[in-house]
Ligand SMILES: CC(C)(COP(=O)(O)OP(=O)(O)OC[C@H]1O[C@@H](n2cnc3c(N)ncnc32)[C@H](O)[C@@H]1OP(=O)(O)O)[C@@H](O)C(=O)NCCC(=O)NCCS
């Protein structure tokens, strides 16, 4: 598939297009998730958040947000990651995750956290181990709170609450 992936900084994309794509992939209730509270009133890093296009159509989005990861301090929250339903399962989600990781590492960030399906995100290196002693506000499943250390040991052994 010849999709092209840009940062939101490189390719400013109408907010409504991104929100429509997220709703079409995740369902209209996606804003009820605990992780959404960390995004309200927050602003995504446009140099790390990605949009993917195929034949001029927006087909993928992933956003990275500044958060505090307990006593580890500054970190990134990833989400939502959403792929246009007809294009799911063709490797675009994975390609966007690898690019996000590469960009965040190059920008000197310490870690990425997210709430999501472990079997999917473990394939690109996320794990519940580094975030096991951290807590999120609201209701969530601890097994779905996952971290990726961009700097070795950045989250390991740390605890506390994940906040904005
Ligand atoms: C989940 C999502 C982001 C994955 O992106 P994608 O481009 O479709 O996935 P990829 O092509 O990178 O990876 C496909 C592989 O991941 C697997 N996979 C997809 N979603 C999965 C999930 N929720 N849990 C476990 N594995 C999953 C597929 O079975 C496939 O496996 P295979 O390579 O062995 O065939 C995308 O499908 C999507 O937007 N889904 C709707 C929203 C959603 O379910 N979000 C929940 C994620 S926490």
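A few notes on this one:
- Flag if residue 155 is within 16 Å of the ligand (Cβ to nearest atom), modelled with pLDDT of 95 or more and surrounded by 18 or more Cβ atoms within 10 Å (Cβ to Cβ): no
- Scan of region 80-105 for residues that are away from the ligand (no atom under 13 Å from the Cβ) and in contact with a strand residue (DSSP E or B) (Cβ under 8 Å, 6 or more places away or on another chain), ordered by number: 101, 103, 104
- Residue satisfying condition, being under 17 Å from residue 97 (Cα atoms) and either free of Cβ contacts under 8 Å to residues at least 24 places away in the same chain or surrounded by fewer than 18 Cβ atoms within 10 Å (Cβ to Cβ) (or both), within set 32, 4: 4
- Among the conditions (1) at pLDDT below 95; (2) within 13 Å of the chain's Cα centre (by Cα), the only one that residue 126 does not satisfy is (1).
- Within region 106-150, the set of residues being more than 20 Å from residue 42 (Cα to Cα), away from the ligand (no atom under 16 Å from the Cβ) and surrounded by 12 or more Cβ atoms within 10 Å (Cβ to Cβ) comprises 129, 130, 132, 133, 134, 149, 150.
- Those residues of region 31-79 which are within 16 Å of the ligand (Cβ to nearest atom), out of contact with any strand residue (DSSP E or B) (no Cβ under 9 Å at 6 or more places or on another chain) and under 16 Å from residue 164 (Cβ atoms), in sequence order: 31
The values are calculated or read from the model by the stated rules, or taken from the named source; none is laboratory data. The shown structure was predicted, so the numbers you read here are calculated from the model rather than taken from an experiment. For neighbour counting, all protein chains shown are included, and Cβ atoms are generated from backbone atoms with ideal geometry for every residue, glycine included.
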